[in-house]
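Participant: The structure's right below; bear with me while I get my questions together.
The values are calculated or read from the model by the stated rules, or taken from the named source; none is laboratory data. None of these values were measured; they are calculated from a predicted model. Every residue, glycine among them, receives a Cβ derived from its backbone with ideal geometry; neighbour counts consider all protein chains shown. Accessible surface areas use protein heavy atoms only, side chains included; no ligands, DNA or RNA. Shrake-Rupley method; radii C 1.70, N 1.55, O 1.52, S 1.80 Å.
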Amino acid sequence: GLYDVTGGGAISLEPGGQFELSGAPVETVHQTQSELMAHLAQVREIATPLGIGFLGLGMTPSWSREQIPMMPKGRYKIMRNYMPKVGKYGLDMMFRTCTVQTNLDFSSEADMVKKLRVSLALQPIATALFANSPFTEGKPNGFLSFRSEIWRDTDNARSGMIPFAFEDGMGYERYVDYALDVPMYFVKRGEEYIDVAGSSFRDFFAGKNAALPGERPTLSDWANHLSTIFPEVRLKRYLEMRGADGVPWGRLPALPAFWVGLLYDNDSLDAAWDIVRHWTAPERQALRDDVPRFGFKSRIKDRYLFEIAKECLVLSHAGLRRRGRIDHLGRDESRFLEPLERIIETGRSPAEEMLEKFNGPWKGSVEPAYQEYAF
């Protein structure tokens, strides 16, 4: 990986060679877009002469797992060995999927809890809006977001909708208790990754890790462990929204825009909480389970997800307008929602559009995706 000492961002290679930009903290979605454009200019300058392109999809549409090389990082070897023991799709997650995430901060413990609950409950909306992985090894896989389906059977001890977040008493300590019992992958000492897969951080804290007898964890061990927990919304020093497929670059700023408009404006946040506050844990889970296959046609209580998505987009738009963060041309951040507004206008997710092309002009081939969805 490479760290940008001037701007604070970083780039890294994920297990199957997926290229990840971890952006620097910024104040506006305009800045997010500027950073993204600068990043893409840099990678194109290097990649184009080498004949390398970048594909904006949630999952590779054609390559098998065996065709994808593993990046030479010690932690990936440990994860590759452990994943098949705890779920059906862990290796597909590592090697064949790609996501876009946005990290948003909070002002207090109570603010964190409210934002965590709203974003957890509404994460299926992001999944439907960004659903972009309908193909596996050259054929339709029966899902709109197979990437999202993969997470349902990757490692349920460290992923999912964390229903405890909605219980009385939720706060930092409750999340720490959860994280202490999530199985570990590794401990890093110098440049070496020590395989401790399956053991608990709680035991490590008590000096009872079999691979490191008597040794106690450091703060960096805890930070590393937190980075191996993968719920639909992850709590670190910020909240990480994890529900969306990777998409072409023109749609990438729409994700932070959607969540900033909902979560950073109190009126929109309150209205979003009103939408989800009466949903039960089984109802939230059923929606999460349905959305990879059915997208906007998923239902919760007596409502289609499409109706809720439409409502939330209106709330996000209003929130961004009230935020009033203006660019040099006098435009506020709501302009970044335009790709999502077009999706709502048509009523079809990106995956449904792709499947139409597959069954029409693409003539049953996924190869055109490498042209149409390349950066």
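Participant: Under 16 Å from a point 7 Å along the Cα-to-Cβ line of R152: which residues of segment 284-303 have their amide N that close?
Facilitator: Hits in segment 284-303 for R152 at 16 Å: 284-300.
Participant: Moving to a separate point now. Restricting to DSSP H runs of at least four residues, report the calculated mean residue ellipticity at 222 nm for the chain, -39500 (n - 2.57) per run over all residues, nearest 500 deg cm²/dmol.
Facilitator: Values: 15 runs with 168 residues, N = 375.
Helix-only estimate at 222 nm: -13500 deg cm²/dmol.
Participant: Based on alpha-carbon positions alone, could you give the equivalent ellipsoid semi-axes of segment 3-90 from the gyration tensor, as √(5λ), descending, whole Å? The partial results should precede the final answer.
Facilitator: Values: eigenvalues 157, 60, 34 Å².
Its equivalent ellipsoid spans semi-axes of 28, 17, 13 Å.
Participant: Send over a whole-number figure in Å² for the accessible area per residue of segment 277-332, probe 1.4 Å. Mind showing how you got there, number by number?
Facilitator: Numbers: 3180 Å² over 56 residues.
With the other protein chains kept in place, segment 277-332 gives 57 Å² per residue.
Participant: Quick check: from the Cα gyration tensor, does the chain come out rounded (a/c under 1.5), prolate or oblate? Write out the running numbers ahead of the final one.
Facilitator: Numbers: a/c = 1.37, a/b = 1.14, b/c = 1.20.
In terms of gyration-tensor shape, rounded.
Participant: Using only alpha carbons, build the gyration tensor for segment 252-375 and give me the equivalent ellipsoid semi-axes, biggest first, whole Å. Write down the numbers at each step before the final one.
Facilitator: Working: eigenvalues 158, 109, 20 Å².
That gives 28, 23, 10 Å for the three semi-axes.
Participant: Assign one of three labels to segment 20-153, namely rounded, prolate or oblate, based on the Cα gyration tensor with a ≥ b ≥ c the square roots of its eigenvalues; rounded applies when a/c is under 1.5, prolate when it is not and a/b is larger than b/c, and oblate otherwise.
Facilitator: Working: a/c = 1.62, a/b = 1.16, b/c = 1.39.
Here segment 20-153 falls in the oblate category.
Participant: I'd like to know which of V100, F135, I308 lies farthest towards the positive end of the charge dipole of the chain, counting +1 on Cβ of Lys and Arg and -1 on Cβ of Asp and Glu.
Facilitator: Towards the positive end, the residue furthest out is F135.
Participant: Highest mean first, what order results for 255-263, 131-139, 57-65, 294-302 on Cβ atoms within 10 Å? Don't skip to the answer; put the middle values down first.
Facilitator: Numbers: 255-263: 26.8, 131-139: 22.6, 57-65: 20.8, 294-302: 17.8.
Highest to lowest by the protection proxy: 255-263, 131-139, 57-65, 294-302.
Participant: With the Cα gyration tensor of segment 114-210 giving a ≥ b ≥ c as the square roots of its eigenvalues, does the rule (a/c under 1.5 for rounded; else a/b larger than b/c for prolate; else oblate) give rounded, prolate or oblate?
Facilitator: Values: a/c = 3.09, a/b = 1.39, b/c = 2.23.
Because a/c hits 1.5 or more and a/b fails to exceed b/c, segment 114-210 counts as oblate.
Participant: Heads up, I need the accessible area for H317: 1.4 angstrom probe, whole protein in place, Å², nearest 10.
Facilitator: H317 exposes around 50 Å² with every protein chain in place.
Participant: What is the diffusion coefficient of segment 281-337 in µm²/s, taking the Kirkwood radius over Cα pairs and the Stokes-Einstein relation at 37 °C with a viscosity of 0.692 mPa s?
Facilitator: Values: Rh = 13.1 Å.
Using the Kirkwood radius from Cα pairs, D works out to 250 µm²/s.
Participant: Something else about it: Ranked highest first by the average count of other Cβ atoms within 10 Å around their residues, in what order do 235-245, 4-14 fall?
Facilitator: Highest mean packing first, the order is 235-245, 4-14.
Participant: Looking only at Cα atoms, what is the convex hull volume of segment 78-117 per residue, in Å³?
Facilitator: Numbers: hull volume 5.1 nm³, N = 40.
Spread over its residues, the Cα hull of segment 78-117 gives 127 Å³ apiece.
Participant: Among the GluC sites (Glu not before Pro) in segment 1-46, which ones are in a DSSP loop with at most 16 other Cβ atoms within 10 Å of the Cβ? Mind listing them? Each step should come with its number before you reach the end.
Facilitator: Details: sites: E20, E27, E35, E45; in loops: E27.
Passing sites in segment 1-46 are E27.
Participant: Another question, then. Charges on Cβ only, +1 for Lys and Arg, -1 for Asp and Glu, centred on the Cα centroid of the chain; of G198, S145, Q42, which one is farthest towards the dipole's positive end?
Facilitator: G198
Participant: For the charge dipole of segment 46-130, defined by +1 on Lys and Arg C-beta atoms and -1 on Asp and Glu C-beta atoms about the Cα centroid, which residue among A126, I52, W63 has the Cα displaced farthest towards the positive pole?
Facilitator: Going by the Cα projections, it comes out as W63.
Participant: Under Stokes-Einstein, with the Kirkwood radius over Cα pairs standing in for Rh, what whole-number D in µm²/s applies to segment 316-375 at 25 °C and 0.890 mPa s? Please report the intermediate quantities before stating the final value.
Facilitator: Working: Rh = 13.9 Å.
So the translational diffusion coefficient is about 176 µm²/s.
Participant: Sticking with this one: Would you pull out the residues with amide H under 5 Å of W63's amide H, same chain only if 5 or more places away, H placed 1.01 Å from N?
Facilitator: When sequence neighbours closer than 5 places are left aside, the close amide H contacts are E137.
Participant: Which links in K73/K188; K115/K236; K139/K357; K73/K115; K139/K363; K114/K236 stretch past 22 Å when you go from one Cα to the other? Mind dumping the intermediate values first?
Facilitator: Working: K73/K188 12 Å; K115/K236 13 Å; K139/K357 13 Å; K73/K115 34 Å; K139/K363 12 Å; K114/K236 15 Å.
Among K73/K188; K115/K236; K139/K357; K73/K115; K139/K363; K114/K236, the Cα-Cα distance tops 22 Å for K73/K115.
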